[in-house]
Amino acid sequence: MTAALAPAWVAVRRRPTLLAGLILLTAFLLIALTAPLIAPYDPILQNGDLRLQPPSWAHPFGTDNFGRDIFSRVIWGTRVDLQIAVIGVVFPFLIGTTVGTVAGYVGGKVDIVFMRVIDIILAFPFLVLMLSIIAILGPGLQSFYIAMALVGWVSYARLIRAQMLVLKTVDYATAALSLGFSGPRIMFRHLLPNAIAGSVVFSMSDCVLVLLSGAAISYLGLGVQPPIAEWGVMVAEGQSFITTAWWITLFPGLSIVTLAFGFSLTGDGLGDLLGVRE
Amino acid sequence: MSEALLSVRDLSVVFAGDDGPRTLIDNLSFDLGQGEILGLVGESGSGKSLTCRSLVRLMPSPKLAITSGAVMLDGRDLTKVSEADIRDVRGRDIGMIFQNPTSHLDPLMHIGDQIAEGIRVHRGVDGKAARAAALDILAQVGFPHPARQYNGYPHEFSGGMRQRAMIGVALSCDPRILIADEPTTALDVTIQAQILKLLMDLRESRGLSVIMITHDLGIVAQTCDRIAVLRQGKLLEIGGKRDLLGRPQHPYTQNLIASHPSMPARQAAMSSHIVHPTAVVPKARPLIEIDDLHVRFPVTGRGLFSGGPREFSAVKGVSLQVMPGETVGIVGESGSGKSTLARALLGLTPISDGHVSFDGADIVMERAKALSKLRQETAMVFQDPYNALNPRLTIGTMLAEVLAVQDSVPKERIPERIGELLDLVGLEREFAGRKPLSMSGGQCQRAGIARALAVNPKLIVADECVAALDVTIQAQIVDLFRDLKRRLNLTLLFIAHDLAIVRSLCERVVVMYHGEIVEEGPTEDVFSAPREAYTRALIDAIPDIDPDKRLVPPRGGDALIEETSGLVTDEIS
């Protein structure tokens, strides 16, 4: 196990961007996992006596208008936001990659049908489409994930399809064909691994976008429901107090930025590692 | 030799890699005289190109640095002058042309403007005068209608014309030295002969000094005055071409000369290996029968001269029979349809018309049966060894997969069979654990051949499989094919534009031109007494390693007329 990981570690250590990104993401993951242990207070416990306290030693990030400890809420929010970023990307990634591979490799009518579906989805503004799907399914995180999967796959499909169109004319694809390999085997075993690097890198920046749309959807009241701690919701709740109690908005906002930074550094580093940019 | 125009003294270039510095060019010294053509010869990685780039300080990577030595031009040391001065030297004193004109010409700029740009920058004249000068240069480099072709874009010209355009760009600033980096490697033999002739003419008319980088000894023998042999960044030998080719001192040079396929002695030795087609059992059924084959592709978009969509015929009515155990060479220029013919034969390209049958199964009539037969009994070897292997799989995994899919070997015997295959193609067994990127081109090509053999094929189709390799490696791969053919009783269809290799390997040769077979027959007959003018032009255009056998400027063959007649749209190959 350790022996197998050694070359990967060397590759990571040579790339400071990737290393920094991975450290940030690992830190957030640890915070999310150990939230019950490290959060000093209950994130949804209201305390009328402690409303709108500025940051202090007892409440490092201050308290909000219900007297809840923002530091604890930010820590608990990490769980929800990491989940949004990861689940919101995994399904679009899987669907998009499969569709793109098949459309690009098989071509012809299959390709035309998928491409027109993509055109239709792209014809609607992203947020409008998301909102209408969530409106049909009812508010909540689950609806958000479904809407994300239905809308988000198009970018992956287009990325992979373009790569497949190039790769299917490469000699090793012809060689595989002439050796009697089956279509799925050529597509998924030989061509996809060579086509996927760009999508992996894009998925990292997509995590950032999903995180922000998750926050936006929650801000509109269609995503995470109060009183659950989620950074987007916290920013939304704090906005009416921005002039008097800046800390309510600032700390969850900073957390979003830092997590996003972690994802994009990782994406950058991965791009370098996988040779997306020569 | 007159006084040296450019002299290089003890030049060293070091690469600052992650694992410490590596010396890529080691204490190199040579002189270039006025009006002299100096050939730099060596394998890939020997530092030929890097040397020439170092002369004008165009380092391909910031990790490369000139650590010592001097490059003297007009009493100035080019390694020491300022960045502004070296920019002035580039183009004005030293022009460069490269192997691939397509990637070195701006695709969005008229070729005439690309030439005029250099004239304006370096000579400081106005647009009108620059245009006039550019037209003059276009005519000099062999454009028949400069005024009309001035406004052509690079993609509208054929490879040969593009290379002429690039020479035009290099000449635009009237340099005294021209560095030609493998200028003809990407071109067909007949076009190559024209470009070489052009370079020699330019030397005559302008007193140009040329440094010619090439891996082809035939080219240096035909064009250069002196030859320098490089290996691993070191100068092994330098001297007049007759001395060097006639009495090579260094064993490496001797080996290089012996590897050259046009060596007459070598040919004689080889022809004894060749089994005559009559030796094949006469009553045997042909393995491949091609009857009046047509392959047409739809051309989308408008043609340059004719409006509306049209069809492009890549193969027009080809008929051919190949007997089991025979080695047939298919030669022709790029765009002659040789690769399309091979792909159609293997069922990889749809057939428009005609019949192809493999071992009795007709590809058109009984498609399923013929395809399964083809997949199990034929294999292909490709031109670019790196492109032909999946970069993510180790050689062992790749072979194991072929064996598993073909289901010809029981599962537990697969590792053993992989070892046998590697032995067969002359690779160490440890290569099973390596990936293509950590292997050399020749090793990759051997792995590609091992993959082809994993099928236990009756027929191997080799499509330009040595064109991308160094001469010495080429000779090894050709020897490997000869050996395998004998041991495994393979039928080999060998597609190449290099006639010398075909001549040494194949019993029978088929010459294709514009999708048709123009000549066919036993190799020795075709090469010694070609019936068609086109075949003769092809054969005459091979640069011979003997400097006294002059490179005959090819005559005849309408390919040449078309080549120079102006805008030629790219053919689909």
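The values are calculated or read from the model by the stated rules, or taken from the named source; none is laboratory data. This structure is a prediction, so every number in the text was calculated from the model and none was measured. Virtual Cβ from ideal backbone geometry, glycine too; neighbours counted across all protein chains shown. Keep in mind that these areas ignore ligands, DNA and RNA; they rest on the heavy atoms of the full protein, side chains included. Shrake-Rupley method; radii C 1.70, N 1.55, O 1.52, S 1.80 Å.
Values computed for the structure shown
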{"quantity": "Within region B:11-89, trypsin sites (Lys or Arg not before Pro) in DSSP loop having at most 13 other beta-carbon neighbours inside 10 Å", "calculated": "B:LYS63, B:LYS80"}
{"quantity": "B:LYS234-B:MET72 pseudo-label distance in nm [points 7 Å out on the Cα-to-Cβ vector]", "calculated": "2.5 nm"}
{"quantity": "Estimated buried accessible area (total), pair A and B, 1.4 Å, Å² to nearest 100", "calculated": "1800 Å²"}
{"quantity": "Region B:362-429: GluC sites (Glu not before Pro) in DSSP coil with no more than 11 other Cβ atoms inside 10 Å", "calculated": "B:GLU428"}
{"quantity": "Under the span-like rule (Cα at least 30 Å along the axis, Kyte-Doolittle mean at least 1.6), DSSP H helices of chain B", "calculated": "none"}
{"quantity": "Accessible surface, the protein assembly as shown, averaged per residue in Å² (probe 1.4 Å)", "calculated": "43 Å²"}
{"quantity": "With eigenvalues of the C-alpha gyration tensor scaled by 5 and rooted, region A:1-119, Å", "calculated": "43, 24, 11"}
{"quantity": "Translational diffusion of chain A, µm² s⁻¹ [Kirkwood Rh, Cα pairs; Stokes-Einstein; 37 °C; 0.692 mPa s]", "calculated": "158 µm²/s"}
{"quantity": "Percent accessible area from carbon and sulfur atoms, the protein assembly as shown, protein chains only, probe 1.4 Å", "calculated": "58 percent"}
{"quantity": "Links that overshoot a 24 Å alpha carbon limit, given the list A:LYS168/B:LYS411; B:LYS411/B:LYS485; B:LYS373/B:LYS435; B:LYS338/B:LYS485", "calculated": "A:LYS168/B:LYS411; B:LYS411/B:LYS485; B:LYS373/B:LYS435"}
{"quantity": "For the protein assembly as shown, alpha-carbon Rg relative to the globular expectation (2.2 N^0.38 Å, N residues)", "calculated": "1.15"}
{"quantity": "Dmax and Rg, reported as Rg then Dmax, of chain B (C-alpha, Å)", "calculated": "25.2, 77"}
{"quantity": "Average beta-carbon neighbours from other chains, 10 Å sphere, peptide B:445-452", "calculated": "1"}
{"quantity": "Between region A:147-183 and region B:446-471, the alpha-carbon center distance in angstrom", "calculated": "26 Å"}
{"quantity": "Normalised alpha carbon radius of gyration of region B:271-564 [divisor 2.2 N^0.38 Å]", "calculated": "1.04"}
{"quantity": "Where GluC sites (Glu not before Pro) fall in DSSP loop in region B:1-49, at most 10 other Cβ within 10 Å", "calculated": "B:GLU3"}
{"quantity": "Highest average packing first - B:380-390, A:104-114, B:466-476, B:4-14, Cβ atoms within 10 Å", "calculated": "B:380-390, B:466-476, B:4-14, A:104-114"}
{"quantity": "Residues A:LEU33 and A:GLN239, FRET efficiency given R0 of 30 Å [Cβ-Cβ distance, rounded to 0.05]", "calculated": "0.50"}
{"quantity": "Those lysines that a straight Cα-Cα span of less than 23 Å connects to B:LYS197, excepting residues fewer than 8 apart in one chain", "calculated": "B:LYS48, B:LYS241, B:LYS549"}
{"quantity": "Average partner coverage of B:382-395, which counts Cβ from other chains inside 10 Å", "calculated": "4"}
{"quantity": "Of all DSSP beta bridges in the protein assembly as shown, antiparallel share, percent nearest 5", "calculated": "55 percent"}
{"quantity": "Neighbouring partner chain Cβ atoms per residue of A:165-173, average, 10 Å criterion", "calculated": "4"}
